[in-house]
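These notes are about the structure you will find just below.
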Amino acid sequence: MKTGITTEELSYLYPDESQAIRKYAEIGFDALDYSYDMYAYPDSVYAQDGYLDHAKKIKKIADENHIIINQLHAPLFHHRIDKEMNEQEIEEENFLSKMTLRSFEVAQILDCHYIVMHPRKFYHYKTKQEHQDLRKYNIQMFRKFIPYAKKYNVQIAIENMFAFNPNTHTATDTSLRTAEEIVSYIEELGDEYFVACLDTGHANINGLEPAKMVHILGRHLKVLHINDNFTHMDQHLICGLGTIEWDLFIQALKEISFNGVFSLETNGMVSHLDASMCEDCVRFEYQIIKKLLSKFDE
């Protein structure tokens, strides 16, 4: 199985993306999860007129270093939709929408086939009707992106989510919490343009076994966000530093004949380190998953 990692992790050490890409390839990774969502701010390179030229530069560097860009993350919409937005929030919303549409163009240039997207969320659910209302909203939102997926030859990977109860800080119901609901979204929207992204850490927070979710998602599972935690926070740790049963997870991937990228989203490992230590940490992470994945090939 191919190994991958987000471009974010070495960005703390190498602000120049070119250096980071070369280093990932040198360490041994086969693929990258391009952290496009990091550029969802007004002064970023992707907010400027020459954004497509920058994407072409990134693609050239990746090709020169024999590393593919398998997936990228669309900008995140953080504002709740169960209360009216103020003027500033509306402006931010419009900007994020613009950046999300640009991500389809960028993905095509990078030869990146999957764009990971989050659904919108309420603060937290109180009724079954709210869940149904939010599903209707999200289906309509995702459907608006179909013409772009078709035009730029990409698929949208819908990610499983979590939410915390504001009073108890325990996991509570939210949109796309379960594998069953993700499958129902894909079946309603159409699997020509929609696939599943499984975030193992999000599953663990929800008290759901990632291995079981693999079996339920089955053929729809094309994208992974691999990370570990202790269930009470989205910690983004490397495999084995939390409570997920990784042997079961690897076996589940093997049983469904998963042929995608085992892609790390473990930025929590480096976010509080001195920048000079980031490369050592990423090398450690690579060695961990290479040993873990040796069981996949047995």
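General observations
- A DSSP coil position with no more than 16 other Cβ atoms inside 10 Å describes none of the GluC sites (Glu not before Pro) in region 91-177.
- Normalised by the number of residues in the chain, the average gap of Cα pairs under 8 Å and 6 or more apart makes the relative contact order 19 percent.
- In the list [x] -0.37, -0.47; [y] -0.46, -0.56; [z] -0.33, -0.42, the label attached to log10 I(q)/I(0) by the Debye sum over Cα atoms at q = 0.08, 0.09 Å⁻¹ as derived from the coordinates here is [z].
- Packing-based ranking of 68-74, 181-187, 280-286 yields 68-74, 181-187, 280-286, ordered from highest to lowest mean Cβ neighbour count within 10 Å.
- Proximal lysines relative to LYS60, as straight alpha-carbon distance under 19 Å, when same-chain residues fewer than 8 apart are discounted: LYS23
- A DSSP coil position with no more than 12 other Cβ atoms inside 10 Å describes the following GluC sites (Glu not before Pro) in region 1-88: GLU84.
- Spin-label model, ASN65 to ASP297: label points 7 Å out along the Cα-to-beta-carbon direction sit 2.2 nm apart.
- When the Gaussian network model of the chain links Cα atoms closer than 10 Å, the mean-square fluctuations of ASN86, ASN206, ASN94 top out at ASN86.
- Trypsin sites (Lys or Arg not before Pro) within region 107-171: DSSP coil, no more than 15 neighbouring Cβ in 10 Å: LYS126, LYS144
- For SER44 and ASP234, a Förster radius of 30 Å and the Cβ-Cβ distance give a FRET efficiency of 0.80, rounded to the nearest 0.05.
- Using the 1.4 Å probe convention, the accessible area of the chain works out to 46 Å² per residue with neighbouring protein chains retained.
- Accessible carbon and sulfur surface of the chain relative to its total accessible area, %, 1.4 Å: 49 percent
The values are calculated or read from the model by the stated rules, or taken from the named source; none is laboratory data. As the structure is a computational prediction, the values presented were derived from the model and not from experiment. Glycine also receives a Cβ, built like all others from the backbone with ideal geometry; neighbour counts cover every protein chain displayed. Keep in mind that these areas ignore ligands, DNA and RNA; they rest on the heavy atoms of the full protein, side chains included. Shrake-Rupley method; radii C 1.70, N 1.55, O 1.52, S 1.80 Å.
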